[in-house]
Amino acid sequence: MSDVNGVAADRLRSFIERIERLEEEKAGLTADVREVYAEAKSVGFDVKVMRQVVRLRKMDTADRRELEELLDLYMGALGMPG
């Protein structure tokens, strides 16, 4: 392994190449997700709501309940029916 100013160049190159491959995979997955949303939209689903559901499903139950309670509280304070 060659060192450049105290940095193991081969090791650095390995990290950079791994990151680049992962970034390419991520871009591909992002495109795949976009296609699924487009397909869902084409059959009549509301994509904005689907994105919100996905976001909520990622949260644990306690955090989701807290968010819902605060949302109800804020909406009530603004006179918006919940």
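The values are calculated or read from the model by the stated rules, or taken from the named source; none is laboratory data. Every value quoted in this text rests on a predicted model; they were computed, and no experiment measured them. Please note: Cβ atoms are built from the backbone with ideal geometry, for glycine as well, and neighbour counts cover all protein chains shown.
Name every residue in the stretch 25-82 that is in contact with a Lys or Arg (Cβ under 9 Å, 6 or more places away or on another chain) and of a type in the set (Gly, Ala, Ser), in order of residue number.
Across the stretch 25-82, there are no qualifying residues.
May I ask you to list the residues in the stretch 21-63 that are in contact (Cβ under 8 Å) with a residue 12 or more places away in the chain and of a type outside the set (A, V, I, L, M)?
Tyr37, Arg51 - these are the residues of the stretch 21-63 that are in contact (Cβ under 8 Å) with a residue 12 or more places away in the chain and of a type outside the set (A, V, I, L, M).
Just one of Val36, Val53 is closer than 30 Å to Glu68 by Cα and either over 17 Å from the mean Cα position of the chain (by Cα) or not assigned by TED's automatic domain parsing to the domain that holds Leu71 (or both); which is it?
Unique residue meeting the criteria: Val36.
Just checking, how many residues over the stretch 48-82 are over 24 Å from Tyr37 (Cβ atoms), basic (Lys, Arg) and surrounded by fewer than 11 Cβ atoms within 10 Å (Cβ to Cβ)?
Total meeting the criteria: 0.
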